[in-house]
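For reference, the structure discussed in these notes is given below.
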Amino acid sequence: MKKNIDDLAIFGGTPTFREKLHVGRPNLGDRERLLARFNDILDRRWLTNNGEYVQDFEKKIAEKIGAKHCIAMCNGTVALEIAIRALELTGEVIIPSFTFVATAHALWWQQIRPVFCDIDPATHNIDPDLIQQMITPNTTGIIGVHVWGRGCDIDALARIARQKNLKLLFDAAHGFGCSYKGQMIGKFGNAEVFSFHATKFFNTFEGGAVVTDDDALASKIRLMKNFGFEGYDNVIYIGTNGKMSEISAAMGITSIESMDGFIAINYSNYKQYLSELEGFPGVSLVHYDESHMCNYHFIVLEIDEAMTHISRDSIVEILHGENILARRYFYPGCHRMEPYRTYFPHSGLLLPNTERLVKRVMSLPTGESIGKGDISNICQILRLVLENGSEISRRISRRNAAGYDQVPSYGE
Ligand code: T4K
């Protein structure tokens, strides 16, 4: 246990962890059952193209959400692209900039302009009060993102979409297993899109899905994810290849069996972080409203440098030195990434809350691969840093001024 700032790895100490601790380490279900399913798939020689496992997986996901249709896909980004195309979005679509860049790219990839809207700093989600002013005659839709799995203001977004005759899609990449006002996320808007990427609490290696109650939209999306084929030799839409493989579906079915266990571990980790980091001025852990269902997948710390006297980036650098690979999701905001920063260099002027938040947040490791002892050690390092914020900041500045090497970069 480190008691002194000289023990920190960035000042020459030995890293707390020998192995790197990742944010987004995959949760694995029952290995035996998974391998039995893999063997079955190999024995039957049916590997993809709407196989039995995919059909079963889709049925199970739709049941969990209480939705009519689930169309499984190869990943969340392609699922977004297909949903966007099936909804016939064009021109401009309003989205938050505080999201993973896939939300914006799924639009731009199809020559649709993402119009970045600011967030509510209390929820980190798109602020519906600001949407009205972003609507132009070219606006065709809104994509809300349930950041950290906390439902965005769905009622307000639905009201605006109705009044302005806009399509409403949700990027629910973080929201599987979460609810909003008594209904599962996946039930809202014209459709919702999940990601089941390896780094999500529930994964299919790579994977995603569109979930909707709209029969016509569901059939269109089903055709579009298979090149637009309606039966043999007959193509009726422009389509692509968005299909989920049988191996991914088998992983998904195995993950569903362990899902409650994953959530229980995430919840217990969240509670431990909360109790061990309580009471530091300028530091807050993103809270989950326990009256909703929640997957507790993200442990997000918000740092107010004016009070901690040490920046978020210095804290991340120190953690990386200790082999705790904290991440700055979603730094620097989509509007500061290409091609958006070149095309819309001034969009940050309308995004003050986003600009502020991207400099304050960091995600910490959680999930089944992180033990109670690991969390205690992570929090102990954080407490040491926060109790000595000014002194550490001074030493980092002196070190940087003297031109010493910094800890290897943590990925811009
Ligand atoms: N919308 C939103 C709001 C999203 O957050 C995402 C994805 C999407 C849409 C798109 O869905 P997908 O097309 O991905 O299904 C990661 C994930 O790749 C991405 O899925 C996720 N959001 C995003 C928040 O995080 P990176 O670029 O940060 O990944 P990477 O390679 O740095 O990995 C993250 C950490 O996980 C690393 O420390 C290593 C660890 N890791 C990763 C993998 C793949 C493992 O320990 N094992 C693994 O197998 O994007």
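The values are calculated or read from the model by the stated rules, or taken from the named source; none is laboratory data. Just so it is clear, the structure is predicted and the values come from calculations on it, not from any experiment. Cβ sites come from the backbone with ideal geometry, for glycine too, and all protein chains shown count toward neighbours. SASA here: full protein model, heavy atoms, side chains in, ligands and nucleic acids out. Shrake-Rupley method; radii C 1.70, N 1.55, O 1.52, S 1.80 Å.
Under a 5 Å amide H cut-off, with hydrogens placed 1.01 Å from N, residue 329 pairs with 363 among residues at least 5 apart or on other chains. Under 24 Å between alpha carbons, and skipping anything fewer than 8 positions from residue 200 in its own chain: which lysines qualify? The reachable lysines, counting only those whose Cα sits under 24 Å from residue 200, are 20, 59, 60, 64, 68, 181, 187, 225, 243, 271, 359, 372. Here residue 53 sits with roughly 30 square angstrom of accessible surface, probe radius 1.4 Å.
For the chain, the longest principal axis of the alpha carbon atoms and the long axis of helix 372-387 meet at an angle near 50°.
Figure note: 343, 270, 237 ranked by solvent-accessible area, largest first, 1.4 Å probe, ligands and nucleic acids not counted: 343, 237, 270. How charged is the neighbourhood of residue 120? Take every other residue with its Cβ under 9 Å from the Cβ of residue 120, and add Lys/Arg as +1 and Asp/Glu as -1. Neighbour charge sum, excluding residue 120 itself: -4.
The residues neighbouring residue 361, those whose beta-carbon lies less than 9 Å from its own, together hold a net charge of +3 under the Lys/Arg +1, Asp/Glu -1 convention. Peptide packing: for 281-288, 70-77, the average count of neighbouring Cβ atoms within 10 Å per residue gives the ranking 70-77, 281-288, highest mean first. Annotation for region 118-143 versus region 215-243: alpha-carbon center distance of 31 Å. Region 328-345 and region 244-287 have Cα centres lying 28 Å from one another. Counting only DSSP beta bridges whose two residues both lie in the chain, roughly 55 percent are antiparallel. Provide the net charge surrounding residue 227, with neighbours chosen by a C-beta distance below 15 Å and charges set as Lys +1, Arg +1, Asp -1, Glu -1. Every neighbour counted, the sum reads +2.
Counting only protein heavy atoms and a 1.4 Å probe, the chain has 44 square angstrom of accessible area per residue.
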